[in-house]
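Worksheet for the structure shown next.
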Amino acid sequence: GPLEEVSLPLFFGWFLLTSIQDKIKCTSMDFLKTLDTLEAFKKHLIDFSGKAEEVDLEQYFQPTGILHCTTKFCNYGKAEGAKEYAEKQAVKDFYGSIFDLSLSALFVTPRTFGARVSLTEEQLQLWPADADAEKQAESVPAAASMPLGSRAHVTLGCAENVEPVQTGVDLLEILTLQQEGQQGEQVEEMELGTLTYYGTGKWLLNLREPISAPACFSSFYG
Ligand code: A2P
């Protein structure tokens with residue numbers, strides 16, 4: 001019936017609790033503010049504006065709503081594997097449960113701003129097993145060979161006219177470079193951790209202390 005047709009959400013994921021959302025927004029804005037002022041960043045400004053002009057990163061990235069880590073994008077059942085995912089035992093068992101997500105890095109590209117999420121074995125039970133979340137990022141061919149859950153992230157902001165789905169693609173691109181042995185250019189020891197530049201506007205800050213973020217596994221209908 002019609003009820004069944006709308007029973008699959010836009011996506012499943014972990015939704016960060018309000019208290020930690022505020023903390024992460026503060027920390028991430030501080031990071032953007034600092035990044036903006038670094039000589040190393042200014043040297044590569046052309047990646048961001050197409051000109052060597054200053055950018056205000058806090059303005060450059062638009063917030064994208066409630067902070068969350070998508071596990072499975074279902075598109076109300078239209079996405080491949082949506083029904084199978086919703087029927088997984090782990091998804092049913094853990095629906096509504098609180099988890100501690102570990103945010104291990106922040107990354108910035110000319111398109112997106114995000115936080116990498118390092119999933120535990122238990123949390124990986126909620127990751128689409130066939131790695132189709134990775135495959136959805138078709139523009140990163142090497143992504144298929146990445147460990148399960150590599151794409152896990154929280155979108156913190158997107159540049160104008162960029163969709164949030166791009167954040168996972170950008171993260172996979174950086175991780176692929178790392179996996180291929182590209183060291184990147186370690187540019188700065190910041191208070192929060194080590195900042196590395198991977199070329200063409202890709203910046204990654206490995207957090208010295210991962211941020212522990214309580215989050216509820218649930219779904220979003222929109
Ligand atoms: P992300 O998880 O990177 O934030 P939208 O508002 O564009 O419909 O997207 C809703 C959520 O689902 C966003 O969180 C978004 O990205 C994620 N998302 C959108 N499309 C996809 C896709 N094709 N694959 C994986 N996640 C997606």
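Some observations on this one:
- Restraint check, LYS23/LYS92; LYS25/LYS72; LYS23/LYS43; LYS43/LYS202, Cα-Cα greater than 19 Å: LYS23/LYS92; LYS25/LYS72; LYS23/LYS43
- Alpha-carbon centroids, region 24-64 and region 70-89: separation in whole Å: 35
- In the elastic network of the chain, a GNM with C-alpha springs shorter than 10 Å, the most mobile of VAL55, VAL117, VAL169 is VAL55.
- Residues of the chain were split at every exposed loop site, defined as trypsin sites (Lys or Arg not before Pro) in a DSSP loop with at most 11 other C-beta atoms within 10 angstrom, and the longest piece left, sites excluded, is 79-222.
- Each residue of region 31-36 was assigned a 3J(HN,Hα) from its phi angle through the Karplus expression (A = 6.51, B = -1.76, C = 1.60, θ = phi - 60°), giving 4, 4, 4, 6, 3, 3 Hz with x at Gly and Pro.
- Gaussian network model of the chain, springs between alpha carbon atoms under 10 Å - residue of THR112, THR71, THR120 with greatest fluctuation: THR120
- Overall form of region 146-222: prolate. Here a/c, set by the Cα gyration tensor axes a ≥ b ≥ c, is 1.5 or more, and a/b is the larger of a/b and b/c.
- Cα gyration tensor category, rounded, prolate or oblate, for region 1-85 with a/c compared to 1.5: prolate
- Amide H contacts of VAL187 (H built 1.01 Å from N, under 5 Å, at least 5 apart or other chain): LEU195, THR196, TYR197
- Three-way shape call for the chain based on the alpha-carbon gyration tensor, with the a/c threshold at 1.5: prolate
- For the chain, the longest piece that avoids every one of the GluC sites (Glu not before Pro) found in DSSP loops with at most 12 other C-beta atoms within 10 Å covers 55-137.
Just so you know, all these numbers are worked out from the coordinates, no wet-lab data involved. Just so we're clear, the structure is a prediction, and the values are computed from it rather than from any experiment. Neighbour counts are summed over all protein chains in view; Cβ atoms, including those assigned to glycine, are modelled from backbone coordinates with ideal geometry.
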